[in-house]
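No lab work stands behind these numbers, since they all come straight from the coordinates. The structure displayed is predicted, hence computed values, not measured ones. Positions of Cβ are backbone-derived with ideal geometry, glycine not excepted, and every protein chain shown enters the neighbour counts.
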Amino acid sequence: MLKAIAAFLLLVCAPALLATAADLDEISNFRVYSPQFASAGQPTARQLKLVRDAGYERVIYLAFTNDNTAIDDEDGTVKKLGMDYVHIAVDFDDPTSSDFYAFVGVIRTGPPQKTLLHCQVNFRASTFSFLYRTIYEGVDVADAKEDLDSVWQPNSTWQAFIFEVLEDFHIDPQCDVCDWAPDED
């Protein structure tokens, strides 16, 4: 009897779970790093609801609210969906270690929450994810760099930022498979 109930629930619930995963993949450059942490480009208001439905409890936004891809009232939308919202305005042309440490403070304070970190196209967010995972989660530089490369090859500004933050923690950014040649600025 229990097997029949489980099979029925799987039959009924699995398509909804798969639809949510497929919909999340529609978010620009959506990347899942662990069951608790993902990054992406700008989700739409509809996609933010899907983020919530997928169990995310917090959204962190790393760009300016007046960007042409930003959605109106994202903070209000996220809060109405019952998730926590944090905004850290990171200047794409001048990221600072203070920006990164503000992000770290959010992630490491309070109880763990399933978190979506995003910006416009996932350049800022994937870089912060690379740094966080390498420094605080012990992910190998080569593995984290492969994930970063799946989104973008950081330009010289962002490469310098990455190297500066890693140096704070005495982590060598070089590895056998790491290509740090920046994209054109």
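Take every Cα pair under 8 Å whose residues are at least 6 apart in sequence, average their separation, divide by the length of region 23-168, and the relative contact order is 29 percent. A Förster radius of 30 Å, combined with the Cβ-Cβ distance separating residue 163 from residue 113, puts the computed FRET efficiency at roughly 0.55. Computed from point charges on the beta carbon alone (+1 for Lys and Arg, -1 for Asp and Glu), the dipole magnitude for region 48-152 about its Cα centre is near 460 Debye. Stretching the chain fully between residue 180 and residue 84 yields a gain of 31.1 nm (0.36 nm per residue, less the alpha carbon separation). Gyration tensor analysis over the Cα atoms of region 23-168 returns equivalent ellipsoid semi-axes of 23, 16, 15 Å (largest first, whole Å).
Rounded to the nearest 10 degrees, the inclination of helix 156-168 to the longest alpha-carbon principal axis of the chain is 90 degrees. Look at 30, 100 and count the other Cβ atoms within 10 Å of each Cβ; fewest to most, that gives 30, 100. The stretch between residue 149 and residue 170 holds 5.4 nm of extra length on full extension. This uses 0.36 nm per residue minus the Cα-Cα distance. Placing a label point 7 Å from the Cα of residue 75 along the Cα-to-Cβ direction, the residues of region 90-132 with a backbone N closer than 15 Å are 90.
Each of 118, 87 was scored by other Cβ atoms within 10 Å of its Cβ. Listed from fewest to most, they are 87, 118. Projected label points at residue 25 and residue 93, each 7 Å from Cα along the beta carbon direction, are separated by 3.8 nanometres. In terms of other Cβ atoms within 10 Å, 97, 129 run from fewest to most in the order 97, 129.
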